[in-house]
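The structure appears right after this line, and notes come after that.
A short reminder: the numbers here are calculations on the coordinates, not readings from a lab. The structure presented is a predicted model; accordingly, all values stated were derived computationally and were not measured. Positions of Cβ are backbone-derived with ideal geometry, glycine not excepted, and every protein chain shown enters the neighbour counts.
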Amino acid sequence: MESTPELILERFLAEICSMKLHSSRNLGAALKKPLLLLLLVSRIENGKVAENRFDFSDIRRELDTLIRCFGGRPSRSGSKPEQPFSHLRSSPFWTLRTQKRYDSGQTVLISDLMDPASYGAFEPAVFRLIRDSDTARARVIDTVLNEWWPETLHPDIREELGLDRLVITRRRRRDQQFTVDVLENFRYSCAMCGFHAVLNGQATGIDAAHVRWHSADGPDALENGIALCKLHHWAFDKGILGIDESNVIRVAGAFVTQVEGGLPLESLAGCPLAIPPRSKAIAEEFLDWHRSNVYLGA
């Protein structure tokens, strides 16, 4: 019996969520495969693909940029875009054709991936579905973003890939008690800059942020929360801002601004938290996760 488009999509989404990502105890999971998937779907969405064939040479540079900007786990060895293109074949929806034979766990050499005869392809039924259906592409994009990145970074990733048009609002249900507890713990003020505002009697402009991302198994626990204004929430999730072992704010060395609008970020470097927690400190294990997986370093 032939599968319906709905069944094909649900199976594909399940296979996406069960992808094996390279992970280590100190650095957490690499987000290279999810970024590759988003890039492949974006090429279909933006009319850059006419057939079910994806050449590494066509996407190598763009994938490299995506990994450096959104891949987590800052690495001294570089982005290595050949890794996700090669190892995505461990998922049933992706096939990799190369001239040489490789064992399942081996990374294909860049020289072989760049060979004109080498290419990757989706399972045919999956390719037809995401090629022909806006809704299917939107579901795939939303699933990948919600599975691996906090909502603060979704607009940046969508804009980078030209995926702004495809949006389905399927956000996870927030733990309201987590929000209340975190905001109270930081006196409804931004822990970084002390910003506090009230509109019609209600605190406004302040988020209860997860230090270890919820998408990375960060719990809705008070010791994993920090209150941040919108700007500093984005910068914290982006890796521009970090907190060192002495609870001093650090600004990533790669962050450079040439306009006055960036000064509020740069001026935080070396400062203690403006609003220390009232009842429970942020757990060091979650700060350490952020330093290893998100913060871009000095």
For region 114-239, the spread of Cα positions along each principal axis, largest first, Å: 60, 32, 24
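Pull out a ≥ b ≥ c, the square roots of the eigenvalues of the alpha-carbon gyration tensor of region 176-293, then state rounded if a/c is under 1.5, prolate if not and a/b is larger than b/c, and oblate in the remaining case.
Values: a/c = 1.70, a/b = 1.14, b/c = 1.48.
Here region 176-293 falls in the oblate category.
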Computed P(r) (all Cα pairs; the chain; 5 Å bins; percent): 1, 5, 11, 15, 16, 15, 13, 10, 7, 5, 3, 1, 0, 0
Set of aspartates and glutamates near Lys48 by C-alpha distance (under 17 Å), chain-local residues within fewer than 8 positions excluded: Asp58, Glu62, Asp132, Asp134, Glu159, Glu160, Asp164
Among Gln176, Gln202, Gln106: highest mean-square fluctuation, GNM of the chain, C-alpha pairs under 10 Å: Gln202
Span-like helix ranges in the chain, DSSP H, alpha carbon extent 15 angstrom or more, Kyte mean at least -1.0: 5-17, 32-45, 56-70, 134-148
Global form of region 5-161, assessed from the alpha-carbon gyration tensor, a/c cut-off 1.5: rounded
GluC sites (Glu not before Pro) restricted to DSSP loop in region 45-112 with at most 10 other C-beta within 10 Å: Glu51
